[in-house]
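Notes for the one structure printed next.
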Amino acid sequence: MAEQFDLDDPPELEARYNIAPGQSVVTIRTDSAGAPRRIERFRWGLLPPWAEDAGIGLRMINARSESVALKPAFRSAFRRRRCLVPADGFYEWGGAVGSLKQPYLFTRPDRGLFAFAGLFDVWHVGAEDEVRSSTIVTTEANRVLAGIHDRMPVILHPRDYANWLDPANDDIDALQSLLVPSPEAWLERQTVGLRVNSTRNDDPECIAPAPPQPRQGELL
DNA sequence: CCAGACGTTGTT
DNA sequence: GTCTGG
DNA sequence: CCAGACGTTGTT
DNA sequence: GTCTGG
């Protein structure tokens, strides 16, 4: 689960529209400030070395910025194994629509890429095999999320990528100070269809605007 | 000291 | 591994 | 995160 | 309610 790519010969990464916890995400990290950055796929859901089974990771898909420096599950990864998780959108779920939840898509206004603050870890299975996994740091939501959800993933400013990635950076306070809600201008919100709620749907239709809701009294 | 947890989200 | 609770 | 299953004996 | 699968 640590497929690695050559940055001098960048791969065509398949587009994903609906990534479930436990599936792989693309990550960027580096061994040192001077070393080349690596693109790798890590399993989403942090598996600390002491995990007894891979199921632990499914409960570690996010790490709270407020406590990430102290929690046993994340502390060492926060100190020494930080990464970026590039994406051009994320979903959050708002109130119920009948028995289902309404998903919303958040993107940059220009639909460009951003980078989540991520952590990774290495879980050893026996002497040979290992699983590399990652988690995404969350923080208080900004106003673009208002009324939908009170948490959001941390989106790093590009000028902070190098500091975040440098494994030798041990300025915990400075690192922690990066884990804040993004400026509102970085994101816009769009209502998308309920098909996002099933991770079996992973295609461009997931990010299409939601079909208009027929209202009561309206003819079909 | 040993044993047991180690997490987030959202809900009641 | 490391922290918390007892 | 959300959706969907969650169970055994014994057989239409 | 809680666990599993995606």
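What to note about this one:
- Over region A:111-184, relative contact order from alpha-carbon pairs under 8 Å, at least 6 apart, %: 31
- For the pair A:R37 and A:D110 in one chain, pulling the backbone fully straight at 0.36 nm per residue adds 23.8 nm over the alpha carbon distance.
- Selection from A:P86, A:A208, A:F42, by position along the positive dipole direction of chain A (Cβ): A:A208
- Rounded to the nearest 5, the antiparallel percentage of DSSP beta bridges internal to chain A is 90%.
- Averaging the Cα positions of each part gives two centres, and for region A:121-184 and region A:27-78 these lie 9 Å apart.
- Long-range HN-HN contacts of A:L47 with modeled amide H, under 5 Å: A:D121, A:S133, A:S134
- Label zone (A:L13, point 7 Å along Cα-to-C-beta; backbone nitrogen cut-off 18 Å) within region A:184-207: A:202-204, A:207.
- GNM top mover of A:A63, A:A35, A:A162 - chain A, alpha-carbon springs below 10 Å: A:A35
- Among the trypsin sites (Lys or Arg not before Pro) in region A:165-211, those placed in a DSSP loop whose Cβ has at most 15 other Cβ atoms within 10 Å are A:R200.
- Using a Gaussian network model of chain A in which every pair of alpha carbons under 10 angstrom is joined by a spring, one finds that among A:V97, A:V180, A:V154 the greatest mean-square fluctuation is at A:V97.
- Range in chain A, longest, excluding exposed GluC sites (Glu not before Pro) [loop by DSSP; at most 15 other beta-carbon atoms within 10 Å]: A:129-217
- Förster-model FRET efficiency, 30 Å R0, A:I172 and A:D129, C-beta, rounded to 0.05: 0.40
- Candidates A:I155, A:I56, A:I207, ranked by Gaussian network fluctuation over chain A, Cα under 10 Å, top entry: A:I56
- Relative contact order, percent, region A:15-127 [alpha-carbon distance under 8 Å, six or more residues apart]: 25
Any read-out appearing in this document is the output of simple, stated calculations on the displayed coordinates, not a laboratory observation. Keep in mind that this is a model prediction, so the values were computed, not measured. Here the Cβ is made from the backbone with ideal geometry for all residues, glycine too, and neighbour counts use every protein chain on show.
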